[in-house]
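Chemist: I'd like to ask you about the structure that follows.
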Amino acid sequence: MKVGVLGSGSVAQTLVAGFVKHGHQTMIGTRDKAKLTDWLKTNPTAQVGSVSDTAAFGEVVVLAVKGSAAADVLRAAGTANLAGKLVMDACNPIADAPPVNGVLKFFTTLDNSLMEQLQREFPTTHFVKAFNSVGAGRMVNPEFKAGRPTMFICGNDDGAKAITAQILEQFGWETADMGKVEAARAIEPLCMLWCTLGFTKNEWTHAFKLLHQ
Ligand SMILES: NC(=O)c1ccc[n+]([C@@H]2O[C@H](COP(=O)([O-])OP(=O)(O)OC[C@H]3O[C@@H](n4cnc5c(N)ncnc54)[C@H](OP(=O)(O)O)[C@@H]3O)[C@@H](O)[C@H]2O)c1
C-alpha cells in the first residue's frame, strides 16, 4: 500500500519505519521538511513531503500530530486529498496543563472526543482510532511474554476498520473493535491510563491486553 503519515514526531517516525519494514511505500508529511534531513539518512526508502502532498500520496493516511493541531493539519492536508480514505488516528487530546499526580489533562470532554470532532469536520473521511494507547517504542511488532497485546480501535466504516486490523496484524497486534466513532470517548483516555504508570512508576514499556472468557 501507499501510506502517507502526517507528522514528524516519534510516533510518525516509528510508524513510517514500521510501514517500510512491512513493504509499504511511505511518505512522511511535515510543515518543515528540513527537520527530517538527518532522519532520512537512516530511513532512505521513505519519502518526505508537505502535509498536502503526503495526504494525496497515501491510499491510507495516518494522523500522528499534536492533538491540538490535528484539525489544522487535516485542513492543510485538504478535504479532497482525504475523501473516501482511511485515516488512522493516533492522536490524543492532551492539554498543555501539567498532569495531576500522574494523570494527564485532556482538552476534550467524555461526551465529545477528538476523533468525533475530526469525523464531524471531515465527513467523507473514514477515521479509525489506532495506536493511541501505547508508547511509540512499542508500536511496531512489540515483544511481550504474554503474547500479542491488544490495540483498541473504533470508527464508523467497517472497510476502513478491516484494513486497520490487517495492518495491526502485520505490526504484531490483536485488534479489539470497540464500535463506532463515539467509542473514541473511551479509547482516547486509555492514553491517560497508560501514561499514569509512566509518570508515577517510570514504567513506559507496557501495553494493554483484553482477556475474553
Ligand atoms: N509519543 C508517544 O509515545 C505517543 C503514543 C501514542 C499516541 N501519541 C499521540 O500521537 C501524536 C503524535 O505524538 P508525537 O509524540 O509523535 O509528537 P507530538 O510532539 O505530539 O507532535 C508532533 C507533531 O505535531 C505537529 N504539530 C505540532 N504543533 C503543530 C501546529 N501548531 N500545527 C501543525 N502541526 C503541529 C508537528 O508537525 P510538523 O512536522 O509540521 O512540525 C509534529 O509532526 C500525539 O497526538 C500524541 O498524543 C503519542
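Chemist: Using a 1.4 angstrom probe on the protein heavy atoms only, line up T205, T30 by accessible area, largest first.
Modeler: In descending accessible area the options line up as T205, T30.
Chemist: When the Karplus curve 6.51 cos²θ - 1.76 cosθ + 1.60 is applied with θ = phi - 60°, which whole-Hz ³J(HN,Hα) does each residue of the stretch 25-35 get, with x for Gly and Pro?
Modeler: Going residue by residue, I get 7, 9, 10, 9, x, 9, 6, 9, 4, 4, 5 Hz, with x marking Gly and Pro.
Chemist: Given R₀ = 35 Å, FRET efficiency for L211-A76 by Cβ-Cβ distance, to 0.05?
Modeler: 0.25
Chemist: Amide H neighbours of F106 under 5 Å, counting only residues 5+ apart in sequence or on other chains, H built in-plane at 1.01 Å?
Modeler: A95
Chemist: Sticking with this one: Please state, to two decimals, what the Cα-based radius of gyration of the stretch 76-190 comes to when divided by 2.2 N^0.38 Å (N = residues).
Modeler: Scaled against compact globular proteins, the figure is 1.09.
Chemist: For the stretch 23-121, what does the alpha-carbon gyration tensor say about shape, rounded, prolate or oblate, given a ≥ b ≥ c as the root eigenvalues, a/c under 1.5 as rounded, and a/b over b/c as prolate?
Modeler: It comes out oblate by the Cα gyration axes.
Chemist: Taking amide H atoms as placed 1.01 Å from N in the peptide plane, list the residues 5 or more away in sequence, or in a different chain, whose amide H sits under 5 Å from that of G172.
Modeler: Those qualifying (amide H under 5 Å, at least 5 residues apart or on another chain) are N141.
Chemist: Now, a different point. Which distance in nm do the two modelled labels at A34 and A95 give, with both placed 7 Å along the Cα-to-Cβ direction?
Modeler: Modelled inter-label distance: 3.6 nm.
Chemist: Return the tail of the calculated pair distribution for the stretch 32-71, meaning the percent of Cα-Cα pairs more than 17 Å apart.
Modeler: Above the 17 Å cut-off, the stretch 32-71 has 42 percent of its Cα pairs.
Chemist: Tell me the volume per residue, in Å³, of the convex hull enclosing the alpha carbons of the stretch 161-207.
Modeler: It is 72 Å³ per residue.
Chemist: Report M27's accessible area, 1.4 Å probe, all protein chains in place, as a number in Å² to the nearest 10.
Modeler: Probe radius 1.4 Å; accessible area of M27 about 20 Å².
Chemist: Could you work out the helix-only [θ] at 222 nm for the chain, with each DSSP H run of four or more residues adding -39,500 (n - 2.57) and the total divided by the number of residues, to the nearest 500 deg cm²/dmol?
Modeler: -9500 deg cm²/dmol
Chemist: To one decimal place, what orientation-averaged projected area in nm² is obtained for the convex hull of the Cα set of the chain?
Modeler: Mean shadow area of the hull around the Cα atoms is 11.7 nm².
Chemist: Before I look further, what does the chain give for accessible area per residue, probe 1.4 Å, in whole square angstrom?
Modeler: On the way: 10000 Å² over 213 residues.
So the chain comes to 47 Å² accessible per residue, rounded to a whole number.
Chemist: Can you compute 3J(HN,Hα) from phi for each residue in the stretch 143-148, using the Karplus curve 6.51 cos²θ - 1.76 cosθ + 1.60 with θ = phi - 60°, rounded to whole Hz and x for Gly and Pro?
Modeler: These are the phi-based 3J(HN,Hα) values: 10, 10, 4, 7, x, 5 Hz.
Chemist: Whose amide H sits under 5 Å from the amide H of K180, counting only residues 5 or more places off or on another chain, with H placed in the peptide plane?
Modeler: G155
Chemist: Right, next: Checking the table K35/K209; K161/K201; K2/K209; K105/K129 against a 27 Å threshold on Cα-Cα, which pairs fail?
Modeler: Numbers: K35/K209 36 Å; K161/K201 34 Å; K2/K209 29 Å; K105/K129 19 Å.
Going by Cα-Cα distance, K35/K209; K161/K201; K2/K209 fall outside the 27 Å limit.
Chemist: Residue by residue, what Karplus-based ³J(HN,Hα) values in Hz, rounded to whole numbers, does the stretch 96-104 have, using 6.51, -1.76 and 1.60 with θ = phi - 60° and x for Gly and Pro?
Modeler: 6, 5, x, x, 10, 6, x, 9, 4
Chemist: While we're on this one: Could you tell me the ratio Rg/Rh of the stretch 133-213? Both radii from Cα atoms, Rh via Kirkwood.
Modeler: 0.97
Chemist: Something else: Hey, if you put +1 on the Cβ of every Lys and Arg and -1 on every Asp and Glu Cβ in the chain, which of I153, S52, V100 ends up farthest toward the positive end of that dipole?
Modeler: Working it through, the farthest residue towards the positive pole turns out to be V100.
Chemist: Can you give me the C-alpha center-to-center distance between the stretch 101-146 and the stretch 20-82, rounded to a whole angstrom?
Modeler: 18 Å
Chemist: Place a +1 charge on the Cβ of each Lys and Arg in the chain and a -1 charge on the Cβ of each Asp and Glu, then give the dipole magnitude about the Cα centre in debye, rounded to the nearest 20. Before the final figure, lay out the partial values.
Modeler: Working: 20 positive and 19 negative charges, 83 e Å.
Result for the chain is approximately 400 debye, rounded to the nearest 20.
Chemist: If I model the stretch 55-108 as equal point scatterers sitting on the Cα atoms and use the Debye formula, what is log10 I(q)/I(0) at q = 0.13 Å⁻¹?
Modeler: Calculated log10 I(q)/I(0) at the listed q: -0.39.
Chemist: Still on this model: What's the FRET efficiency of F199 with T124 using the Cβ-Cβ distance as r and R₀ = 41 Å, to the nearest 0.05?
Modeler: That gives a FRET efficiency of 0.60.
The values are calculated or read from the model by the stated rules, or taken from the named source; none is laboratory data. In this text, all values refer to a predicted model and were calculated from it rather than measured experimentally. So basically every Cβ, Gly included, is an ideal-geometry build from the backbone, and we count neighbours across all protein chains shown. All accessible areas refer to the heavy atoms of the entire protein, side chains included, with ligands and DNA or RNA removed. Shrake-Rupley method; radii C 1.70, N 1.55, O 1.52, S 1.80 Å.
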